[in-house]
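Participant: Handing you a structure now.
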């Protein structure tokens with residue numbers, strides 16, 4: 001059965017050197033749901049991403065790419081882009097890159113930043129919802 005555009009599901013990843021925030025959402029609802037943050041590096045990170053892909057069966061992945069406030073690239077910009085290329089190569093899914101400036105700040109403001117708040121997953125939600133709004 002073919003998936004219509006409105007039914008498309010996306011898995012968003014907020015890449016970090018030690019942690020990767022995760023969120024899932026679909027085009028119909030245009031809302032993201034936080035998932036447990038991946039606390040792993042290297043191949044262990046990709047193993048956990050593969051598990052999430054099996055669980056959610058996304059049509060595409062969304063990766064936040066950081067920039068300086070003025071739009072200039074920095075070291076983490078290239079790291080996030082490399083991560084996006086690795087995802088494409090490993091999983092064969094379309095990967096969309098989204099400017100993630102201020103996503104963590106926005107997530108903390110929305111989530112309150114309490115002890116149980118996962119800022120990485122919150123940032124992945126902000127990134128995914130920004131992407132979903134751009135599809136209109």
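The values are calculated or read from the model by the stated rules, or taken from the named source; none is laboratory data. Since this is a predicted model, take the numbers as computed values, not measurements. When we count neighbours, we look across all protein chains shown, and the Cβ atoms used for this are built from the backbone with ideal geometry, even at glycine.
Participant: Would you confirm, using the coordinates I've provided, whether residue 93 is under 21 Å from residue 39 (Cα atoms) and at pLDDT 95 or above? Working first, answer last.
Facilitator: On the way: under 21 Å from residue 39 (Cα atoms): no; at pLDDT 95 or above: yes.
Criteria not met by residue 93.
Participant: In addition: Any chance you could count how many residues in the stretch 32-54 are surrounded by 12 or more Cβ atoms within 10 Å (Cβ to Cβ) and part of a helix (DSSP H, G or I)?
Facilitator: Kept after step one, since they are surrounded by 12 or more Cβ atoms within 10 Å (Cβ to Cβ), are these residues of the stretch 32-54: 32-41, 45-46, 48-50, 52-53.
Now restrict to residues that are part of a helix (DSSP H, G or I): 45-46, 48-50, 52-53.
Qualifying residue count, the stretch 32-54: 7.
Participant: For residue 106, all conditions in the list (1) closer than 14 Å to residue 9 by Cα; (2) out of contact with any strand residue (DSSP E or B) (no Cβ under 9 Å at 6 or more places or on another chain); (3) buried (at least 18 other Cβ atoms within 10 Å of the Cβ) hold save one; what is the number of the exception?
Facilitator: If we test residue 106 against (1) closer than 14 Å to residue 9 by Cα; (2) out of contact with any strand residue (DSSP E or B) (no Cβ under 9 Å at 6 or more places or on another chain); (3) buried (at least 18 other Cβ atoms within 10 Å of the Cβ), just (1) comes out false.
Participant: Any idea how many residues of the stretch 1-31 are surrounded by 12 or more Cβ atoms within 10 Å (Cβ to Cβ), in contact (Cβ under 8 Å) with a residue 60 or more places away in the chain and in a loop (DSSP other than H, G, I, E, B)?
Facilitator: 6
Participant: Filter the stretch 64-77 down to residues that are assigned to a helix (DSSP H, G or I) and touching a strand residue (DSSP E or B) at 6+ places or on another chain (Cβ under 9 Å), then give me how many there are. I'd like the intermediate steps shown before the answer.
Facilitator: Pass one, the stretch 64-77, residues assigned to a helix (DSSP H, G or I): 75-77.
Next cut, touching a strand residue (DSSP E or B) at 6+ places or on another chain (Cβ under 9 Å) only: 76-77.
Residues flagged as assigned to a helix (DSSP H, G or I) and touching a strand residue (DSSP E or B) at 6+ places or on another chain (Cβ under 9 Å) within the stretch 64-77 amount to 2.
This table checks each residue for (1) closer than 23 Å to residue 8 by Cα; (2) more than 12 Å from the chain's Cα centre (by Cα).
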site	(1), (2)
46	yes, yes
57	yes, yes
73	no, yes
79	no, yes
82	no, yes
98	yes, no
117	no, yes
125	yes, no
133	yes, yes
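Participant: Let me ask something else. Which one of these is part of a helix (DSSP H, G or I) and in contact (Cβ under 8 Å) with a residue 24 or more places away in the chain: 87, 61, 93? Walk me through how you get there before you give the answer.
Facilitator: Details: 61 fails: part of a helix (DSSP H, G or I); 93 fails: part of a helix (DSSP H, G or I).
Residue meeting the stated conditions: 87.
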